Structure formats: structure tokens, C-alpha cells
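The values are calculated or read from the model by the stated rules, or taken from the named source; none is laboratory data. Note that the structure is a prediction, hence the values are computed from the model and not measured. We place every Cβ from the backbone using ideal geometry, glycine too, and count neighbours over all the protein chains shown. The area values use the complete protein model at the heavy-atom level, side chains included, leaving out ligands, DNA and RNA. Shrake-Rupley method; radii C 1.70, N 1.55, O 1.52, S 1.80 Å.
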Amino acid sequence: GVGTPVRGGVTYREAHAALEAVSRRDEARGILRSMDVVEVNPILDEANETATLAAELTASTFGKRIL
């Protein structure tokens with residue numbers, strides 16, 4: 001569900017690992033307050049998959065652990 005898919009881009013696990021690392025680093029400092037989620041196009045999003053992924057990645061950024 002994005003306008004410009006990139007071949008060989010970041011995998012599901014890599015994205016979560018990176019954002020969980022951001023969250024761990026921020027826990028001590030408490031400076032992360034918001035983030036922008038871009039490239040979610042509801043017109044192209046089949047079965048709401050991209051929006052669900054965006055919500056999961058956002059949750060990882062703010063402390064949810066999946067890995």
C-alpha cells in the first residue's frame with residue numbers, strides 16, 4: 001500500500017529491530033515525543049496491511065517489544 005515500493009528494502013524484522021533500538025535508547029533520556037509515519041496510501045493498501053504494519057512499527061518505537 002505505498003506509492004513507491006522499493007525492491008530490497010528493509011525487512012519486517014529489520015524495521016522492528018531498528019525501532020526497538022530507538023525505543024531502548026530513548027528510555028533513559030525520555031526525549032522521543034512523536035514521530036511521522038509516511039507513505040501509507042489507503043487507496044493502495046490491500047486488506048489494510050500497510051496501515052497495520054505502520055501501527056505495529058509505531059508501537060515498537062514507543063516501547064512494544066516483538067523480537
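Among the residues of segment 14-67, what is the count of those that are charged (D, E, K, R) and over 20 Å from THR4 (Cβ atoms)? I'd like the intermediate steps shown before the answer.
Within segment 14-67, the first condition is being charged (D, E, K, R), and the residues that meet it are 14, 20, 24-27, 29, 33, 36, 39, 45-46, 49, 56, 64-65.
Keeping just the survivors that are over 20 Å from THR4 (Cβ atoms) gives 20, 24-27, 29, 33, 56, 64-65.
Selection size over segment 14-67: 10.
Is it true that some residue in segment 19-35 is in contact with a Lys or Arg (Cβ under 7 Å, 6 or more places away or on another chain) and open to solvent by less than 60 Å² (accessible area, probe 1.4 Å)? Lay out the reasoning, then the answer.
Applying the first criterion (in contact with a Lys or Arg (Cβ under 7 Å, 6 or more places away or on another chain)) to segment 19-35 yields 20.
Restricting the remaining residues to those that are open to solvent by less than 60 Å² (accessible area, probe 1.4 Å) gives 20.
The answer is yes; a qualifying residue exists.
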For segment 31-42, does any single residue satisfy the condition of being hydroxyl-bearing (Ser, Thr, Tyr) and in a helix (DSSP H, G or I)? no
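Just the residues that are modelled with pLDDT of 85 or more and touching a His at 6+ places or on another chain (Cβ under 7 Å), please, taken from segment 58-67. If you could, list the steps in order and put the result at the bottom.
Here is the first cut: in segment 58-67, the ones modelled with pLDDT of 85 or more are 58-65.
Within segment 58-67, just SER60 meets the criteria.
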Selection over segment 5-18 where residues are open to solvent by 100 Å² or more (accessible area, probe 1.4 Å), more than 15 Å from ALA54 (Cα to Cα) and not basic (Lys, Arg) yields a count of 1
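Please pick out the residue among GLU14, GLU49, GLU56 that is assigned to a helix (DSSP H, G or I) and either more than 12 Å from the chain's Cα centre (by Cα) or touching a residue at least 60 places away in the same chain (Cβ under 8 Å) (or both). First the steps, then the outcome.
Details: GLU14 fails: either more than 12 Å from the chain's Cα centre (by Cα) or touching a residue at least 60 places away in the same chain (Cβ under 8 Å) (or both); GLU56 fails: either more than 12 Å from the chain's Cα centre (by Cα) or touching a residue at least 60 places away in the same chain (Cβ under 8 Å) (or both).
GLU49 is the lone residue from the list that is assigned to a helix (DSSP H, G or I) and either more than 12 Å from the chain's Cα centre (by Cα) or touching a residue at least 60 places away in the same chain (Cβ under 8 Å) (or both).
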